[in-house]
Every structure is written in structure tokens, then in C-alpha cells.
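The values are calculated or read from the model by the stated rules, or taken from the named source; none is laboratory data. Every value quoted in this text rests on a predicted model; they were computed, and no experiment measured them. Every residue, glycine as well, gets a Cβ built from its backbone with ideal geometry; the counts of neighbours run over all protein chains shown.
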Amino acid sequence: MEQQAKEPKKKSPIRLIILIIVLLIAGYFIFDKIKFALTHETTDDAQVEGQITPVLPRVSGYIKKLYIRDYDSVKAGALVAEIDDADLQLQLKEMEAALAQTKIDIVNAKASLNNALVSLKVNKGNIDLSEIRLKKAEQDLNRDKNLFAAEAITKKQLDDSQYNYETALQQYQNSHRDYNAADSRIAVLKAAVEKAEASIAVQQAKIDQQKLKLTYTKIFAPQSGKIGKRNVSEGQFVQEGTPLFSIVDDSNYWVVANFKENQLQHLHTGKKVVIEIDAYPNKKFIGTVANLSDATGAKFALLPPDNASGNFVKVTQRVPVKINFDNLDQIKDLMRAGLSVYVVANNKD
């Protein structure tokens with residue numbers, strides 16, 4: 001039986017068509033990616049920022065009462081915590097008692113000063129009196145000397161006049177010494193009064209400071225916002241300046257994006273950018289560049305790099321860029337400080 005020659009089957013063009021379509025689609029996406037990369041600047045080194053204010057006690061003590069819980073909303077000026085003030089109240093009473101004692105001391109010091117002033121007047125009078133007596137004794141002595149020369153009085157009478165004169169002279173000198181001593185005592189007593197008055201001023205200042213400390217036992221919210229995680233509990237002892245918790249300002253958020261230094265050419269204040277937040281993959285937000293930092297992020301590091309030391313390796317630096325949300329009032333409830341962000345900036349703007 002004669003076999004007929006079989007004709008070769010024609011290849012189906014479907015596979016070729018599918019391959020061409022796939023290549024065209026892939027080429028389109030690759031071209032679109034390249035075009036996008038050439039016409040846009042992007043960075044994922046960015047996050048949402050907010051004003052976070054720590055709440056710090058200004059006095060040490062035990063936490064008496066906490067009026068907030070984790071993540072509560074508070075208003076500025078609201079009472080959030082209270083420190084036990086029993087020790088400070090006792091110290092205040094002690095200071096007030098010391099002040100009262102000092103006031104009594106100053107009354108005594110002024111009384112002593114007044115007595116000394118009266119005594120000084122008496123001493124001045126004694127000087128005048130002793131001076132009169134001295135003049136009389138001197139006159140009697142001179143007269144008796146003349147009478148004795150005329151043999152009108154006896155030697156004993158002359159000796160008595162001499163004795164009276166010397167006695168009056170000694171009394172006059174003693175009255176001057178008493179006056180000088182009383183006068184110097186006046187200066188000491190005046191200094192004591194001034195010291196007591198100064199002590200009153202110092203103690204009053206301490207009392208005022210103590211009363212001010214007592215007001216610090218009540219801790220108020222420095223700003224409106226939401227409480228972060230509490231770091232203390234009731235009954236815990238806290239030191240002055242120890243952070244109790246933080247308050248996040250939930251009315252104001254912005255983005256800080258760290259662009260590479262070779263991406264800054266088309267970035268400027270007022271430029272519109274697209275913001276994508278990882279927490280909301282299906283949402284896009286519009287923002288405006290507020291300003292660019294005048295220094296790279298590395299310059300704000302605790303130990304900034306010094307290219308003049310060691311072997312130099314060039315590393316592309318990043319510059320912080322602050323971006324404000326255009327419609328923050330409508331989206332602020334979605335914002336959380338620290339959320340990861342992807343920023344896209346068009347080079348044509």
C-alpha cells in the first residue's frame with residue numbers, strides 16, 4: 001500500500017501573538033517606570049512628625065493621684081497628676097515658725113537698742129554733771145591754795161580740796177569712758193537689728209519659694225493633645241525632672257522627608273508633593289514643601305563625621321525637608337506621629 005507523504009503542520013501564531021503582547025506590556029511598564037524615575041524625585045526615608053511635649057514634675061515626691069490613663073485626650077491646663085505635699089507642708093510650717101521667732105528676736109533687738117540709746121543720754125548727762133563738779137573742785141582748790149599761802153586755812157583743808165579735785169577729775173574721765181562704751185554698744189545693737197531684719201527677708205523669701213513648690217505638686221497639661229504611655233503609677237516616688245509621660249499635639253502634623261543631596265535640584269519652598277502613608281495604602285495625600293534644612297542630617301548627629309580624618313569615602317548625604325499637609329483639618333484624625341511615609345515630587349513643577 002502506497003503511503004501518502006504527510007504535509008508538515010503549520011505553527012499556530014497564537015503563541016507568537018501572546019509573546020508579543022507580553023513584551024509590549026512589559027516594555028510599556030518598564031518605559032513608564034523609567035519615565036517616572038526621570039521625571040520625579042522620591043524617597044521612603046520619611047515619616048509623620050508631631051509636637052510631643054514631655055510632662056515633668058518640678059518637685060520630688062510620691063505620686064498621690066493620676067487623673068489620666070494611657071492615650072487619653074486632655075486639654076491645655078487640665079490637672080493630670082498630683083504629688084503628695086505632706087512633707088512640703090511640714091517644711092512650710094517649720095519655716096513660718098522660724099520666721100515668727102525671728103520677728104520676736106527683732107523686737108527684742110530693737111528694745112535693747114532703745115534702752116542703749118536711753119543709757120547713752122544718761123551717760124551724756126553724767127558727763128555734763130561731772131564736768132560741773134570738776135570745775136567747782138578746781139575753783140575750790142585754787143582758792144584754798146591762796147588761802148593756805150595766806151595762812152588762812154590749815155594744811156588739812158588744802159589736802160581735802162586737792163582730794164575733791166582729783167576725785168572729780170576721775171569721775172569726769174570715767175563718765176567719758178562710759179559714754180564711749182555705750183556709744184560703741186549702739187553700733188553693735190543697730191547691726192543686730194539690721195541682721196534680724198535681713199534674716200526676716202531671707203526667711204520670707206524661703207517661705208515664698210516653699211509656697212511656690214507647693215503649687216508645683218499639682219501638675220497641669222502644658223498643651224492639648226493625647227497622652228502617650230504613662231511611665232509612673234500612683235504611689236511611686238519620682239525625682240524632679242523625671243518624665244512622667246508625654247502629650248502628643250493631635251492638631252498639628254507634618255512630614256519630614258530626607259531626600260538625597262542630588263535630589264534637591266527641583267525641591268523648593270511651596271512645591272506640591274504626593275504623600276503616601278504605609279498605614280493607608282489606598283490613600284494619597286497632597287502636601288506642600290515648607291522649607292529645607294540648612295544642614296544635612298549627619299551634621300545633627302551626636303558625633304558628626306569629619307572627612308578630614310582617616311580615609312575618605314564619599315557617602316551621599318540626605319537633607320531633611322519639612323512638608324505640610326494641604327488639608328490637615330480633614331485628615332488629622334488619621335495621622336499618628338512616626339508613621340512611615342513615601343514622598344513623590346514631580347520635577348516639572
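If only one of Thr316, Thr242, Thr288 is in a loop (DSSP other than H, G, I, E, B) and within 37 Å of the chain's Cα centre (by Cα), which one is it?
Of Thr316, Thr242, Thr288, the one residue that is in a loop (DSSP other than H, G, I, E, B) and within 37 Å of the chain's Cα centre (by Cα) is Thr242.
Which ones in region 125-163 are of a type in the set (Gly, Ala, Ser), in a helix (DSSP H, G or I) and farther than 30 Å from Arg177 by Cα?
Hit for region 125-163 is Ala149, nothing else.
Can you tell me which of Lys299, Lys271 is in the same structural domain as Tyr71 (by TED's automatic domain parsing) and either touching a residue at least 40 places away in the same chain (Cβ under 8 Å) or closer than 28 Å to Gly225 by Cβ (or both)?
Lys271
Take the conditions over 20 Å from Thr43 (Cα atoms) and surrounded by 13 or more Cβ atoms within 10 Å (Cβ to Cβ) and apply them to Pro305. Does it pass?
Spelling it out, Pro305 is indeed over 20 Å from Thr43 (Cα atoms) and surrounded by 13 or more Cβ atoms within 10 Å (Cβ to Cβ).
Residues checked against (1) in a helix (DSSP H, G or I); (2) of a type in the set (A, V, I, L, M, F, W, C); (3) within 15 Å of Lys211 (Cβ to Cβ):
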residue	(1), (2), (3)
Pro57	no, no, no
Ile63	no, yes, no
Asp70	no, no, no
Gly77	no, no, no
Ala81	no, yes, no
Asp87	yes, no, yes
Met95	yes, yes, yes
Leu99	yes, yes, yes
Asp105	yes, no, no
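Can you tell me which of (1) modelled with pLDDT of 80 or more; (2) of a type outside the set (Val, Ile, Thr); (3) assigned to a loop (DSSP other than H, G, I, E, B) is the one Gly50 doesn't meet?
(3)
Quick check on my filter: what residues within region 326-349 are in contact with a Ser or Thr (Cβ under 8 Å, 6 or more places away or on another chain) and either at pLDDT 85 or above or not in a loop (DSSP other than H, G, I, E, B) (or both)?
Once the filter is applied, which keeps residues that are in contact with a Ser or Thr (Cβ under 8 Å, 6 or more places away or on another chain) and either at pLDDT 85 or above or not in a loop (DSSP other than H, G, I, E, B) (or both), region 326-349 yields Asp326, Lys332, Tyr342, Val343, Val344, Ala345, Asn346.
Could you tell me which of the residues Gln263, Gln223 is part of a loop (DSSP other than H, G, I, E, B) and either more than 27 Å from Leu117 (Cβ to Cβ) or in contact with a helix residue (DSSP H, G or I) (Cβ under 6 Å, 6 or more places away or on another chain) (or both)?
Gln223
Given (1) without any contact (Cβ under 8 Å) to a residue 40 or more places away in the chain; (2) part of a loop (DSSP other than H, G, I, E, B); (3) surrounded by 10 or more Cβ atoms within 10 Å (Cβ to Cβ), identify the lone condition not met by Pro281.
The one condition Pro281 does not meet is (3).
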